[in-house]
Structures are given as C-alpha cells and as structure tokens.
Amino acid sequence: MILHDLAATETLAQHLARLARPGDALLLSGPLGAGKSALARAFLRALLGDPALEVPSPSYTPVSY
C-alpha cells in the first residue's frame, strides 16, 4: 500500500485502530523511511484516543520469510 503523505498514514492508522481487537498483531514491513514508525504512533494515539500521546520510537523484530 502506498500512502503519499503523513495525513494518509494517520487516516489509515485511525481506521486500523477502530478495527483492532485484543490479540491482533500487525506486521509493518518496508524500507527505512517508509513511515512504519509514523503509522505505529498514529495507531497508538487513535487506539487510546489521545492525539497528544508521546509515543517513543517503536522497536521492530526482524522477520524472515
């Protein structure tokens, strides 16, 4: 999926937060600078209903497939 700007990334994150249920896992894959951290931050802010929430840079687990 190609998101052309931060607003589109935040919109997707808000949609995913509405759909997420306990136990769900999301896989974010892409090169450095693709917006994975921006999506993760926006997702957590939307999920918790706090747009000002300070979200540190998430850690990523390497996955081979």
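If I compute solvent accessible area with a 1.4 Å probe over the protein chains, what percent of it on the chain is carbon and sulfur?
60 percent
Along its three principal axes, how long is the chain when you only count alpha carbons? Whole Å, largest extent first please.
33, 29, 22
Whole number in Å², please: accessible area per residue of the chain, 1.4 Å probe, ligands, DNA and RNA not counted.
With the other protein chains kept in place, the chain gives 80 Å² per residue.
Let me know the charge dipole size of the chain about its Cα centre in debye, to the nearest 20, where only the beta-carbon of Lys, Arg (+1) and Asp, Glu (-1) is charged.
In total the dipole reaches around 120 debye.
The values are calculated or read from the model by the stated rules, or taken from the named source; none is laboratory data. Note that the structure is a prediction, hence the values are computed from the model and not measured. Ideal geometry is used to build each Cβ from the backbone, glycine not excepted, and the neighbour counts take in all protein chains shown. What goes into the accessible areas is simple: the full protein's heavy atoms, side chains included, and nothing from ligands, DNA or RNA. Shrake-Rupley method; radii C 1.70, N 1.55, O 1.52, S 1.80 Å.
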